[in-house]
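Note sheet for the following structure.
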């Protein structure tokens, strides 16, 4: 292959890498429910109509106490009865479990997880995070290192922060007893 063809190919790849990801593709990538996960119940049909997607999130109660650390494991999962309550939806599960959490885009409300174990109650409120922003940052880094440092820096600056159509969701809804 001639030098000019190789240069042209590298230039075309660099320009293609500078493109902005499609918001619908971002949602498809991040907001996929799992068939075996528990679904939430909506309080009102109008709330359910506002859902832009679902994200499967683990729900559980873990003990990060001295016994778990001395045995070499990070945390011991505990069987617990848990409820998830948020504005417009809720569900109950026996942890550990996986729940298909709804996403309302930027307007995804916080969710409070409350678990009961051995006559004790543990509760924590979780906020949805921007899942697309992390992907854009990672993609910018790869582009910057591999193909086009200028494009990678530009994409990193342009890709930071919230964008219209970003996917929001919960990664993990696990509570610690400590």
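Where a number appears in this text, it was derived from the coordinates with a stated rule and is not lab data. The structure presented is a predicted model; accordingly, all values stated were derived computationally and were not measured. When we count neighbours, we look across all protein chains shown, and the Cβ atoms used for this are built from the backbone with ideal geometry, even at glycine.
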*Inter-site label distance for residue 171 and residue 127 at 7 Å from Cα along Cβ, in nm*: 1.5
*asked:* Can you give me the distance in nm between label points at residue 77 and residue 50, each placed 7 Å from the Cα along the Cα-to-Cβ direction?
replied: 3.2
*residue 64 versus residue 119, label points 7 Å from Cα toward the beta carbon: distance in nm?*
2.7
